[in-house]
Amino acid sequence: MVTPSRLLKVDEEKIKNKMQIKKITNDEFFSFFSTEMPKLFDQTLRYSIMDVRTQHELASFERLKTAIESNECLNLALYDENNKLAGWSSTRQMRPYEFYSWNSAVYPEHRRKGFYSLLVKETIKEAKRLGYQMVTSNHVMSNNDVIIAKLKLGFQIMGIETFDDYGTTVKLVYHLNETRKKAFDFRTGFKRPDHEIKTLFEL
């Protein structure tokens with residue numbers, strides 16, 4: 001697998017001197033997310049699934065929220081040289097082996113400078129440290145800037161998914177487990193199976 005550092009053609013040390021990524025708690029993350037997210041995604045055609053809850057669903061919400069928040073999560077906040085919020089990323093456990101990046105953003109004035117890629121790379125590093133086999137995410141399929149940035153970092157297209165709130169999205173995956181990466185390449189027809197994959201599939 002080609003490492004992200006070989007694909008990202010930016011001076012990381014230079015931009016790291018201007019920006020700082022901090023791990024933050026859920027409370028810290030949601031203190032700004034609820035107000036800032038609508039501003040940065042105001043052109044996205046979507047609706048809030050919170051607005052269509054039945055009374056039963058509403059009554060169950062706190063219990064369900066607590067249950068899902070017990071899963072592992074990683075919240076990253078990006079700050080500029082003036083310690084002003086410049087972007088964020090939030091990733092949470094979906095399965096014992098899958099870390100799902102469910103929301104990330106960089107403010108317009110900081111885009112196309114490599115900052116989003118730094119957030120993604122930090123997420124990959126933490127996911128590997130924590131023992132996950134893959135990092136996944138969904139993106140509106142015409143969101144070329146984000147999709148291309150992730151493909152350059154080693155993500156692969158896993159499929160197309162359509163949601164009632166966000167519409168049609170591309171699902172991306174970054175395999176941290178090398179054997180699963182090779183199996184994925186074989187399954188998609190990208191590469192012939194090596195000895196390990198032949199043994200795995202009893203070919």
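Numbers for the structure displayed
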{"read-out": "Solvent-accessible area, 1.4 Å probe, carbon plus sulfur percent, for the chain", "value": "52"}
{"read-out": "Solvent exposure of the stretch 59-203 as accessible area per residue, Å², 1.4 Å probe", "value": "56"}
{"read-out": "Lysines whose Cα lies under 24 Å from that of residue 198, excluding same-chain neighbours fewer than 8 positions away", "value": "181, 182"}
{"read-out": "The chain: C-alpha gyration tensor shape, a/c 1.5 cut-off, then a/b vs b/c", "value": "oblate"}
{"read-out": "Sequence-distant residues sharing a close amide H with residue 87 (under 5 Å, placed H)", "value": "78, 107"}
{"read-out": "Efficiency of FRET between residue 192 and residue 160 - r from beta-carbon atoms, R0 25 angstrom, step 0.05", "value": "0.45"}
{"read-out": "222 nm mean residue ellipticity, helices alone, for the chain (DSSP H n ≥ 4; -39,500 (n - 2.57); rounded to 500)", "value": "-12000 deg cm²/dmol"}
{"read-out": "Point-charge dipole on Cβ atoms (K/R +1, D/E -1) for the chain, about Cα centre, debye to 20", "value": "780"}
{"read-out": "Extension gain, residue 59 back to residue 177 (0.36 nm per residue minus Cα-Cα distance, nm)", "value": "38.5 nm"}
{"read-out": "Cut-off under 5 Å, modelled amide H: who pairs with residue 191 long-range", "value": "186"}
{"read-out": "15 Å beta-carbon shell around residue 193, net charge (K/R +1, D/E -1)", "value": "+2"}
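The values are calculated or read from the model by the stated rules, or taken from the named source; none is laboratory data. In this text the structure is predicted, and so the values were computed from the model without any measurement. Here the Cβ is made from the backbone with ideal geometry for all residues, glycine too, and neighbour counts use every protein chain on show. The area values use the complete protein model at the heavy-atom level, side chains included, leaving out ligands, DNA and RNA. Shrake-Rupley method; radii C 1.70, N 1.55, O 1.52, S 1.80 Å.
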